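Encoded as structure tokens, the structure appears first; notes follow it.
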Amino acid sequence: MREDKSSPEFVYKAFAEYYDAYVAGFEADFEVYLRLIKPGLKVLEIGCGTGRVLKPLLESGAMVVGVDISWAMLALAHKKLASSCDSGALKLLNHNFVYSPIPERFDRVFVTFYTFNYLLSYENALSFLKNIYSSMNDGAVLLMDMFFPSIYYDPAIEGKWQERYLNLGEKPIRLFDRRTMQGLVEKREQVFEEDGGRQEITTLRRFYDKNETARLLREAGFLSVKFADAYDSVLFHQLEPLEITAHSFLVMARREAGGGEG
């Protein structure tokens, strides 16, 4: 069967070698995750990639499980965090929550850096959340980092190639990036060039606004759904009746004590 080059599995196999350069230096989200961690809690990161967030979680003393659908990403995370894997502080799993939960249950679940937005259908998004719910302890907290298309900020960039440079160690990488909207789905075409090599990657990400996100979470069984428009724990609030989605946001929800399976 022919491999789907737009699937997240294919994309991140191709993207793995550039991922650290692409997210280099981004730490704005660390504080909001770390403030939710207390000694003794079991922490799960979904979409852990090469370990950008896993590292500060482990440095806080947490016992962590990192999940990703990409073996290539997990291999890089293991290489960088081998000592934590060897000590048992970190476990890495190749798993897709669209299809099933995992037997272990957690007190904190973080769906980081727009991972949720790679779920292109309402049905898959709901299945993903129900399976997460089944992998959480009563009273556990879910926190997700949600995507807002850059085209909505600046419609003039739609369909136009943007160029910038990244650094992978001492190796410069030239990146061309073009984005178009197809309904609620952003098609992101990227071309990475370095040392005469060229890698073309196409990504599809779906925009979920706050109202749709809240509806999905409640349908999956979560209660106490709150939103924040920045990486700041003090800004979480209940959704207002006329509140609009104007940029990326965080959403926090809780599995209530005594709440049955979603």
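Arranged from fewest to most other beta-carbon atoms within 10 Å of their beta carbon, F116, F207, F227 become F207, F227, F116.
Taking the number of Cβ atoms within 10 Å of each Cβ as an exposure proxy, the fewest-first ranking of Y33, Y22 is Y22, Y33.
Here the stretch 31-102 and the stretch 143-157 have alpha carbon centers that stand 26 Å from each other.
Summarised as an ellipsoid, the stretch 34-116 has semi-axes of 17, 16, 12 Å, derived from the eigenvalues of the Cα gyration tensor scaled by 5 and square-rooted, with the largest first.
Shape index of the chain: Rg/Rh, with Rg the Cα radius of gyration and Rh the Kirkwood radius from the inverse mean 1/r over Cα pairs, equals 0.95.
One decimal place: the segment R105-C85 gains 5.3 nm when fully extended, by the rule 0.36 nm per residue minus the C-alpha distance. Bridging of K226 to lysines at a Cα separation below 30 Å is possible for K38, K42, K55, K91, K130, K187, K210, once same-chain residues fewer than 8 apart are set aside.
Every pair of different Cα atoms in the stretch 84-192 enters the Kirkwood calculation, which places the hydrodynamic radius at 17.0 Å.
Rounded to whole numbers, the Karplus 3J(HN,Hα) couplings from phi for the stretch 203-210 are 10, 10, 9, 9, 8, 10, 7, 5 Hz, using 6.51 cos²θ - 1.76 cosθ + 1.60 with θ = phi - 60°, and x at Gly and Pro. According to the Kirkwood relation over distinct C-alpha pairs, the hydrodynamic radius of the stretch 150-205 is 12.2 Å.
Modelled spin-label separation between T202 and R178, with each label point placed 7 Å from Cα along the Cα-to-Cβ direction: 1.1 nm. Would you mind calculating the relative contact order of the chain from Cα pairs under 8 angstrom and at least 6 residues apart, reporting the percent as a whole number? Result for the chain is 18 percent.
Sorting D232, D20 by the number of Cβ atoms found within 10 Å of their own Cβ, with the fewest placed first, yields D232, D20. The H on the amide N of A140, modeled in the peptide plane, is under 5 Å from the matching H of R255, each at least 5 residues off or on a different chain. Can you show me the helix-derived [θ] at 222 nm for the chain, built from DSSP H runs with n ≥ 4 at -39,500 (n - 2.57) apiece and divided by the number of residues, rounded to the nearest 500. Taken over the chain, the calculation gives -7500 deg cm²/dmol.
No value in this document is a laboratory result; all are computed from the given coordinates. No experiment lies behind these values; they were computed from the predicted model shown. Note: ideal-geometry Cβ built from the backbone for every residue, glycine included; neighbour counts use all protein chains shown.
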